[in-house]
Amino acid sequence: MYLQVPTQFNPTQHPDIKIDWHNGLFRVVFVAMASPCSVLIELEKECFQDAKNMAMLAAIECWRIEHKFSRYQKHNLFCQLHSKPGDWCKLDDETMRLLNFADKAWHLSEGLFDISSGILRQAWHFNHNAVPPTQSKIDSLLSHIGWQNVQLDPIKGIKLPPDMELDFGGIGKEYAVDRVTQLLNQAYAEVPILVNFGGDIACNKSRLDNQPWRVGIESPFKDESQATLSLSQGALATSGDSQRYLQYKGKRYSHVLNPKSGWPIENAPRSITLAAPTCIQAGLMATLSLLQGTNARSFVEQTGFNFWLYD
């Protein structure tokens, strides 16, 4: 069946939430952040009202985050941040936490993880008809990239240079997974849940029979079957180019771009899946590993996290 959400809680006007029950699990499905989103809830069929409440809570929180931080929405925080370049913009606590995380990621990666590099999408298009951009096009954008040029202050907020644009795409979906998992666990601590937003995954605990959740990871190679992992707590995130890439004159260009050069990372693994306590942590470390190119395996091994890598 479908659950209709009041318009004020569905600002992007996504389709209704779908919910059904099979073999002891409610499966909640909705769309957000250009991805299929699902939540598995282990409850008896008679507990439909609880499952319905959890479904609404999950979708509404995910849609709130999407609307607040998306560059595709109007009259939101994203627009506010970019409305007066060169001026200080006050930030709420949630946004300051995310930007502090992005700042730490930038330092940890020595500038390879940079949320000001989303502007490179003006040069790179990853579809069947696309061609690599010219160096002059990339050069015209590189001058507008550089987190080190952003001023961040706990009191004043943030000041962006003119023509710079932030992009929360590298952390937004993972953050939404963590927030939804946290909210559901706070409201229904005894109920096992698995949150999956476009392959970014988290769970709050093992299933009721004390068995782990079984999670499939798709191989980037068509002739290989997917791997199946066990997850009892924490999160998984995958970074790779199996879905978004550019094939041109026999060369494959990954969508994972080096913000310093403007060009895709070369000789990197096809995908890295990493397990961590939170999804935003897992996503960051998977991406940082991929950005190391040929040194990806040695880098991810040094993190101490469990990982699965496809060369």
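We did not get these values from a lab; they are worked out from the coordinates using the rules stated. Predicted, not measured: the structure shown is a model, and the values here were computed from it. Ideal geometry is used to build each Cβ from the backbone, glycine not excepted, and the neighbour counts take in all protein chains shown.
Potential lengthening of the chain between Gln182 and Asp87 amounts to 30.8 nm, from the contour at 0.36 nm per residue minus the alpha-carbon distance. Based on the Cβ-Cβ distance of Thr303 and Asp163, what FRET efficiency does E = 1/(1 + (r/R0)^6) give at R0 = 35 Å, to the nearest 0.05? After rounding to 0.05, the efficiency reads 0.50. Estimated purely from DSSP H runs of n ≥ 4, each contributing -39500 (n - 2.57), the mean residue ellipticity at 222 nm for the chain is -9000 deg cm²/dmol once divided by its residues. Paramagnetic label reach from Arg252 (point 7 Å along Cα→Cβ; backbone nitrogen cut-off under 20 Å): within region 269-286, residues 269-274, 286.
For the pair Ala227 and Glu190, what calculated FRET efficiency results from E = 1/(1 + (r/R0)^6), where r is the Cβ-Cβ distance and R0 = 35 Å, to the nearest 0.05? That pair, Glu190 with Ala227, gives E of 0.70.
Ranking of Met285, Met33, Met56, Met1 by neighbouring Cβ atoms within 10 Å, starting from the fewest: Met1, Met56, Met33, Met285.
Considering only alpha-carbon pairs that sit under 8 angstrom and 6 or more positions apart, the relative contact order computed for the chain is 15 percent. Exposure proxy ranking for Leu25, Leu184, based on other Cβ atoms within 10 angstrom of each Cβ and starting from the fewest, stands as Leu25, Leu184. Sorted largest first, the principal axis extents computed over the alpha-carbon atoms of region 36-130 equal 55, 41, 31 Å. A full extension of the chain between Gln151 and Asp139 corresponds to an added length of 2.0 nm, given 0.36 nm per residue minus the alpha carbon distance. Mean separation of Cα pairs under 8 Å and 6 or more residues apart, divided by the residue count, gives region 253-299 a relative contact order of 36 percent. For region 82-189, applying the loop criterion from DSSP together with a ceiling of 15 other beta carbons within 10 Å to the GluC sites (Glu not before Pro) yields Glu110.
Of the chymotrypsin sites (Phe, Trp or Tyr not before Pro) found in region 165-251, the ones in coil according to DSSP and having at most 16 other Cβ atoms within 10 Å of their Cβ are Phe221.
Neighbour counts of other Cβ atoms within 10 Å put Phe26, Phe9, Phe48, Phe113 in the fewest-to-most order Phe9, Phe48, Phe113, Phe26.
Of the GluC sites (Glu not before Pro) found in region 16-46, the ones in coil according to DSSP and having at most 12 other Cβ atoms within 10 Å of their Cβ are Glu44. Rounded to the nearest 20, the size of the Cβ-charge dipole of the chain about its Cα centre is 620 debye, with Lys and Arg at +1 and Asp and Glu at -1. Each 5 Å bin, from zero up to the one with the longest distance, holds this percent of the alpha carbon pairs of region 167-251: 3, 13, 20, 20, 16, 12, 8, 4, 2, 1, 1. If the Kirkwood radius is taken over C-alpha pairs of region 86-167, then at 37 °C and 0.692 mPa s the Stokes-Einstein diffusion coefficient equals 234 µm²/s. Using θ = phi - 60° in the Karplus curve 6.51 cos²θ - 1.76 cosθ + 1.60, the 3J(HN,Hα) couplings for region 37-50 round to 10, 9, 9, 9, 10, 8, 9, 5, 4, 5, 8, 4, 4, 5 Hz; x is entered for Gly and Pro.
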